[in-house]
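The values are calculated or read from the model by the stated rules, or taken from the named source; none is laboratory data. All values reported here derive from a predicted model rather than from experimental measurement. Glycine also receives a Cβ, built like all others from the backbone with ideal geometry; neighbour counts cover every protein chain displayed. Ligands, DNA and RNA are excluded from the accessible area calculation, which covers all protein heavy atoms including side chains. Shrake-Rupley method; radii C 1.70, N 1.55, O 1.52, S 1.80 Å.
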Amino acid sequence: MATLNIDSLGNSDDVVMPGRDPIWDSITAEAMLEAEKEPILSSFLYASILSHDCLERALGFVLANRLHDSTLLETQLMDIFNYAMMNDSGFQHAIRQDIQAFKDRDPACASYSWALLYLKGYHSLESYRVAHALWNQGQKVLALTLQSRINEVWAVDIHPAAKIGEGVLLDHGTGLVIGETAVVENNVCLMQGVTLGGTGKQTGSRHPKVGQGAHIGAGAIILGNITVGEGAIVAAGSLVLKDVPPFSMVEGNPAKIVGYLEDDDPSTTMKHGQTKF
């Protein structure tokens, strides 16, 4: 993707639109029903969803509306978000996998539109994806500026160089910290207050790598260049300083293995306990 020049973006009308989109169809249907039930929200729902022609543009509007301030103008942010999303099919796939994760795995999320409009875990994750795209294009100052605003608005601090897969659930999001060289694979669940941090002042790869389908409980702290294996569970409040085997559960300070899992995907079932020893 070419370097972003926010002064020359316009409204991205020349971009080819995605094809039929069941998730977007559901979101617009939900918004129309909600507008009928709560007429006072009609203008809000129209501006946020019904005035747009795809999920990308609606999401760009919602994020820009939350993140703008006196020096980062809403129109500039919308241009940045729209350009990043409308020109990258991988980005388009990721935002749909993520919103599906929120809908399927968060019992408090009754619809796709709720995730799009109200859940800051989703908002912060997709804003990070834009910052990550900017970082990879060499626009590091703009990426860090966006990271700073994400932290100020939602109390979620994800370094734009961190690598995060698809279908990820940031449940609540508040207090989440993900360091520069951290890797989070597909279908991971990170609860509020999780830290994926480094130790000391070493450079290079110094942050945790979290395997596919792992579930990291609220307030867990995982430090250093260690691996949390596929399908593992880190219990809430644990301090993890060593590798966690796949499909195991660890807990405590320091964390120790307390069991192994029969369920292959705890991040999907959202069950937080071991099932065998």
I need every pair where a residue in region 122-138 that is open to solvent by 10 Å² or more (accessible area, probe 1.4 Å) has its Cβ under 8 Å from the Cβ of a residue that is part of a helix (DSSP H, G or I), sequence separation at least 6 or different chains. Arg129/Ala84; Arg129/Phe91; Arg129/Ala94; Arg129/Ile95; His132/Ala143; Ala133/Ala84; Ala133/Phe91; Trp135/Ala143
Would you pick out the residues in region 248-266 that are modelled with pLDDT under 95 and part of a loop (DSSP other than H, G, I, E, B)? Leu261, Glu262, Asp263, Asp264, Asp265
Set Glu166, Glu185: member being over 30 Å from Leu41 (Cβ atoms) and in contact with a helix residue (DSSP H, G or I) (Cβ under 9 Å, 6 or more places away or on another chain): Glu166
Across region 55-72, the tally of residues that are within 16 Å of Tyr128 (Cβ to Cβ), among the small types (Gly, Ala, Ser) and over 15 Å from the mean Cα position of the chain (by Cα) stands at 1
Looking at region 180-210, which of its residues are open to solvent by less than 10 Å² (accessible area, probe 1.4 Å) and in a loop (DSSP other than H, G, I, E, B)? Ala182, Val188, Val194, Pro208
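This table checks each residue for (1) hydroxyl-bearing (Ser, Thr, Tyr); (2) closer than 28 Å to Pro266 by Cα.
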{"position": "Leu59", "(1), (2)": "no, no"}
{"position": "Arg66", "(1), (2)": "no, no"}
{"position": "Leu73", "(1), (2)": "no, no"}
{"position": "Asn87", "(1), (2)": "no, no"}
{"position": "Gln97", "(1), (2)": "no, yes"}
{"position": "Ser111", "(1), (2)": "yes, yes"}
{"position": "Leu117", "(1), (2)": "no, yes"}
{"position": "Gly121", "(1), (2)": "no, yes"}
Residue among Leu67, Leu45, Leu55 that alone is open to solvent by less than 20 Å² (accessible area, probe 1.4 Å), in contact with a Lys or Arg (Cβ under 6 Å, 6 or more places away or on another chain), modelled with pLDDT of 95 or more and more than 20 Å from Val188 (Cα to Cα): Leu67
